[in-house]
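Below is one structure, written out as structure tokens, with a few remarks after it.
Nothing in this text is a laboratory measurement; each read-out follows from the coordinates by a stated rule. Keep in mind that what you see is a predicted model, and the values were worked out from it rather than measured. FYI the Cβ positions are ideal-geometry reconstructions off the backbone, even for glycines, and counts take in every protein chain you see.
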């Protein structure tokens, strides 16, 4: 929500403006007592979120959820809206601060919102009949596509940060035009695949991991999470703190779906 200075989506919440102890972007502020406490607080929050999600994985695994097509469509509409709004806010931050991380995150969220919208339409009553053969496979693949798109762009945002730190990226090599073209091309390819080709098998009930393709997106979320944890900026910067939380949630969401 923009009014509170927080970028919110189904991937988590990213503060867009500072509060006490904010040191990301703009002019540096002197350390305060609250800022000094941030590393411990952040660590406890990260561990707590991971612990709750891990416990939920074991408690909820194997249980059947209740809901219908209408509920699924409603939830996906909310997810689509949040992703697009969050992506737009991230790009506003990029164009105001010219921080490349927000360009990649914003592009990833916008693309995710578009893919979520396609998933919503294809799996709604307007798209396909749930009783049709291959409907479950289509639903699984179109959902995973948006997660993979987002996970890759989160990971790329960390990779570009590393390049900038090592000074291996020439000035102007990574700009909004190149990122938008790359993101748009990837998005177009994914959409053409789903619209023109039949969906391959996504569910393997005979395996322990019933949806193994979900591990691909999990891999990129995990790489991004490990990268941002190693970056260490979550100790002082609220953006990185909330981004780590979003990535932890992304890792566990893929873990849930892989065993669903």
Quiz item: For residue 164 and residue 97 in one chain, what is 0.36 nm times their gap in residues minus the Cα-Cα distance, to one decimal in nm?
Solution: 22.5 nm
Quiz item: Contour minus end-to-end for residue 210 and residue 180, with contour as 0.36 nm per residue of separation and end-to-end as the Cα-Cα distance?
Solution: 7.4 nm
Exercise. Once you have the Cα-Cα distance between residue 41 and residue 201, take 0.36 nm times their residue separation minus that, and quote the gain in nm to one decimal.
Key: 53.2 nm
Quiz item: Between residue 229 and residue 51, what is the spin-label point distance in nm, taking each point 7 Å from the Cα along the Cα→C-beta axis?
Solution: 1.5 nm
Self-check item: Exposure proxy order (Cβ contacts within 10 Å, fewest to most) of 137, 116, 175, 240
Solution: 175, 137, 240, 116
Quiz item: With all pairs of different alpha carbon atoms counted, what Kirkwood hydrodynamic radius in Å does region 173-214 show?
Solution: 12.9 Å
